[in-house]
Amino acid sequence: MSELRVRELSIENLAYVFDPPGLPLVQKAPNTEPTTSIAIRGGPGSGKTTLATALARAIAAASGGFALYLTTESSPLELIYKARVLGFDEGTVHASEDPERGTVAVRSLASSARDVRTSDIPAVADAAWQLIESFTSAASNRCRVLVIDAVPLSGGLELGARAPTLELIQALESRGISTILIEEADNEAGDFVPFVVDIVFEIERPRDPDTGNVLRRLGCSKSRYSAAIAGPHDYGLDEGRPAVWPDPLRISAPQPPVELLSEVSGALIAPLVRPGAMMVATRGIVLWPSGEGSSFLRALQATPGAEPNIVNCGPLTTVADRSGGRTISVPADDGPASLIWTLLKTGTHVVVIQRLEALLGRHRHRAGLHDGLVALGRLGRLVCIDGGPEAIAELSAIADVHIGGSVPSAFVRQVPPRKYLSGARWLDFEAPAGDGDAHAALRPLEEPLRELRQAIAVADTASARALGEGILNATYTPALPQARALAAVLVSRAGHSALARELCQPDRHVVGEAPIPARQAVVARAFAHLGDTWQALWSLFERFQVPLEAAITFDPAILLWRAIVARITTSAAALDATLRVEGAAHETWVVDFLLETLVQRGRLEDARRLARDCAQRAGLPAWWGRRLFVDARLEAAQGAGGDPGGLESEMNALVEDPSPGPLGRAEVAYNLGILLAGQGRSAEAAAALRRALELNAALELATEKLDSLSEPA
């Protein structure tokens, strides 16, 4: 038995009433075309004619013919108006004698030469056959749908009408013609119609229990050849076009339609209080209390690929559709499912819903919203609820993550510290260019910072320590946290890792001081350079307590956030968004993360070119470009057994090349020792670490690692 699924039905989402989606046309007998028979039932003004017109046109187009619409009450002009409501092209509904494929030809039985009584089914059938035969019999343009509007088939007419109605439907099906019967009757009245047709649609007009407004609801009480969601479903207008909004929870399981699934294009990323842990939510329901979620919202807005749609709930809910660059209004009268379907159709992966209490307080919405939010999560969306205490309490049972509570392990990812020393620490590292306030605040500390740079340039590690300790113990000024962060990176070049960590400790900042974007960015950068990516994320998250600039792309903290997100998630969207910012590829704030992400995504030549260009821009010897590329490959290959891509020989060559000075070479020897130790080659690792200490006796990390290798197992 062959089957045809009609999905283009002109009534938005109507296809999803059926499972699988689409109105089923079925071959009822050998050598016949797939057909269906439909009854549309409802009271006056409920929308029966509009639904019938949409179905007739859709079936005709799918079947390769035209539809004949016989009306006992409506005029052709009324049907033409319905076609405009449905958005049909001019001429789709017409009174022409030569109908084209995919069109609807209208005829009025009330004005025909023969007196056809609306209750006389045999007479209606005779008139229908005469009209069908009167049209051209060309095989390429045959009648494929017959609509009869409207014959009363319930009540006392049942005994006399059932047999001729069934005969008419079967005779039409043998000719490849589907039938649509419109019945203006009380939906509670019992009659034979459900027994003789394949599909029954019923349109109800109840009143909203909260407002008293009259609503429309569409049910599918029978579907002979396909599973269907009976409903009734909310039914109304979506941006001026008829739409039905089937239960999204039923559609989301067990096998949802592929086109409704969302690909992960962004995530809610936030550091957790537990050091080294971060939350990464790509789908599901996340709750955060109103007033406490600003950092989370700004993190979403700064995360490439997330681009959240912001939903502001109320009597007229607005959806800021960022992907479409427009604002969509959803009346509360349309019901909860209409809002869920609007979010599904925007195509955006991340949704932030605010003021949900305005809808949860409506009797009609409460259960539907609960189910709809769960459906969004099942269909791959990340739904963030920015709600008050009542909403948070009510939705906690269906939430996957509750900010402020425990985060399930499925949403927790560990951010390990960097394993190797990064050569990017040797690139220029200043306050953000163009930040006049930051530079002005640093002026009192410029001299010790300049002296610190000079000490490192001549490998005077003892003076570097003394200068770093002086900045650590300096009298507090608003610029001191930023100066300490800069000094932390500088003293780390001299090998004083413990002092660098102390300079960068958060408790060195004044408690309660409002985060200043430039300072937070410098502190975050220092943590990132020192290998503590988690602490860098934490500092950036503190920065999100402050409103983002209009052009957040050029905020250095945002740039760093995107680069770290790209590295942690290997997200192509985050990588591309960072590289698109003019000059970002050579910005010392982000270059190490960009290099590692490029390597991890297999773009080795791009990474090699970027490393070379960064060294040239910083005025450093070509040795540094080679080292940056090696460092990126080391970090990207963490956990891989063996020598990742012949790095050992390249690193040995870098160690013995005298061009950069002893401090940089010592770091490469240390990195080589870490690589060899990870491969279980302890003796060779110890030799590399001793070579690092020959080049820089102050390299504390090399001493610590060498001691650990010497300890008995």
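Values computed for the structure shown
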item: Filtered residues of segment 265-297 (kept if over 26 Å from residue 417 (Cβ atoms) and either of a type outside the set (Ser, Thr, Tyr) or without any contact (Cβ under 8 Å) to a residue 60 or more places away in the chain (or both)); result: 283, 284, 285, 286, 287, 288, 289, 291, 292, 293, 297
item: Verdict on residue 468 being open to solvent by less than 10 Å² (accessible area, probe 1.4 Å), at pLDDT 90 or above, in a helix (DSSP H, G or I) and more than 24 Å from residue 559 (Cα to Cα); result: yes
item: Some residue of segment 185-202 being assigned to a strand (DSSP E or B), in contact with a Lys or Arg (Cβ under 9 Å, 6 or more places away or on another chain) and more than 20 Å from residue 9 (Cβ to Cβ); result: no
item: Among residues of segment 255-287, those that are within 15 Å of residue 541 (Cα to Cα) and touching a strand residue (DSSP E or B) at 6+ places or on another chain (Cβ under 9 Å), counted; result: 12
item: Residue match in segment 665-678 (condition: over 43 Å from the mean Cα position of the chain (by Cα), in a loop (DSSP other than H, G, I, E, B) and not polar (S, T, N, Q)); result: no
item: All positions within segment 536-550 that are modelled with pLDDT under 80 and surrounded by fewer than 24 Cβ atoms within 10 Å (Cβ to Cβ); result: 542, 545, 546, 547, 548, 549, 550
item: Considering residues of segment 303-349 that are of a type in the set (A, V, I, L, M) and touching an Asp or Glu at 6+ places or on another chain (Cβ under 7 Å) only, the residue modelled with the lowest pLDDT; result: 328
item: When residues of segment 58-87 are limited to those that are touching a Leu at 6+ places or on another chain (Cβ under 8 Å) and not polar (S, T, N, Q), the one farthest from residue 11 (Cα to Cα); result: 70
item: Filter pass, residue 433 being modelled with pLDDT of 80 or more, assigned to a loop (DSSP other than H, G, I, E, B) and of a type in the set (A, V, I, L, M, F, W, C); result: no
item: Matching option when the condition is over 30 Å from residue 373 (Cα atoms), open to solvent by 20 Å² or more (accessible area, probe 1.4 Å) and among the acidic types (Asp, Glu), among 239, 202, 183, 167; result: 167
item: Residue satisfying condition, being of a type in the set (Gly, Ala, Ser), under 30 Å from residue 580 (Cβ atoms), modelled with pLDDT under 95 and not in a helix (DSSP H, G or I), within set 645, 641; result: 645
item: Counted residues, segment 205-218 - those being touching a Pro at 6+ places or on another chain (Cβ under 9 Å) and open to solvent by less than 10 Å² (accessible area, probe 1.4 Å); result: 1
item: Condition broken by residue 225, with the remaining ones in (1) touching a Gly at 6+ places or on another chain (Cβ under 6 Å); (2) surrounded by fewer than 19 Cβ atoms within 10 Å (Cβ to Cβ); (3) more than 30 Å from residue 541 (Cα to Cα) satisfied; result: (1)
item: Looking only at segment 604-627, and only at residues there that are of a type in the set (D, E, K, R) and under 37 Å from the mean Cα position of the chain (by Cα), the one that is farthest from residue 425 (Cα to Cα); result: 605
item: Enumeration of residues in segment 46-80 that are farther than 16 Å from residue 142 by Cα, open to solvent by 10 Å² or more (accessible area, probe 1.4 Å) and among the hydrophobic types (A, V, I, L, M, F, W, C); result: 77, 80
item: Cβ-Cβ under 6 Å pairs, at least 6 apart or on other chains, segment 164-183 side under 12 Å from residue 37 (Cα atoms) and assigned to a strand (DSSP E or B), far side of a type in the set (Ser, Thr, Tyr) and modelled with pLDDT of 90 or more; result: 178/35; 178/36; 179/37
item: Hey, residue 83 open to solvent by less than 30 Å² (accessible area, probe 1.4 Å), over 18 Å from residue 222 (Cβ atoms), in a strand (DSSP E or B) and modelled with pLDDT under 90 or not; result: no
item: Output for segment 679-713, where each listed residue is of a type in the set (A, V, I, L, M, F, W, C), in contact (Cβ under 8 Å) with a residue 60 or more places away in the chain and in a loop (DSSP other than H, G, I, E, B); result: 697, 698, 699
item: Neighbours by Cβ (under 6 Å, 6+ apart or cross-chain): first from segment 599-627, open to solvent by less than 80 Å² (accessible area, probe 1.4 Å); second among the acidic types (Asp, Glu); result: 618/428; 623/657
item: Enumeration of residues in segment 384-404 that are of a type in the set (Val, Ile, Thr) and open to solvent by 10 Å² or more (accessible area, probe 1.4 Å); result: 392, 398, 403
item: Boolean, residue 43 is over 23 Å from residue 206 (Cα atoms) and either open to solvent by 10 Å² or more (accessible area, probe 1.4 Å) or of a type in the set (Phe, Trp, Tyr) (or both); result: no
item: Set 591, 581: member being farther than 18 Å from residue 422 by Cβ, among the hydrophobic types (A, V, I, L, M, F, W, C) and open to solvent by less than 20 Å² (accessible area, probe 1.4 Å); result: 581
item: Test result for residue 559, modelled with pLDDT under 85, under 25 Å from residue 523 (Cβ atoms) and either touching a Leu at 6+ places or on another chain (Cβ under 8 Å) or in a helix (DSSP H, G or I) (or both); result: yes
item: Residue satisfying condition, being open to solvent by 40 Å² or more (accessible area, probe 1.4 Å), at pLDDT 75 or above, within 37 Å of the chain's Cα centre (by Cα) and β-branched (Val, Ile, Thr), within set 570, 533; result: 570
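Residue by residue, here is whether (1) within 40 Å of the chain's Cα centre (by Cα); (2) of a type outside the set (A, V, I, L, M, F, W, C); (3) modelled with pLDDT of 90 or more holds:
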site	(1), (2), (3)
47	yes, yes, no
93	yes, no, no
98	no, yes, no
110	no, no, no
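The values are calculated or read from the model by the stated rules, or taken from the named source; none is laboratory data. Keep in mind it's a predicted model, so treat the numbers as computed, not measured. Glycine gets a Cβ as well: all are built from the backbone with ideal geometry, and neighbour counts include every protein chain shown. For accessibility, only protein heavy atoms count, side chains too; no ligands or nucleic acids. Shrake-Rupley method; radii C 1.70, N 1.55, O 1.52, S 1.80 Å.
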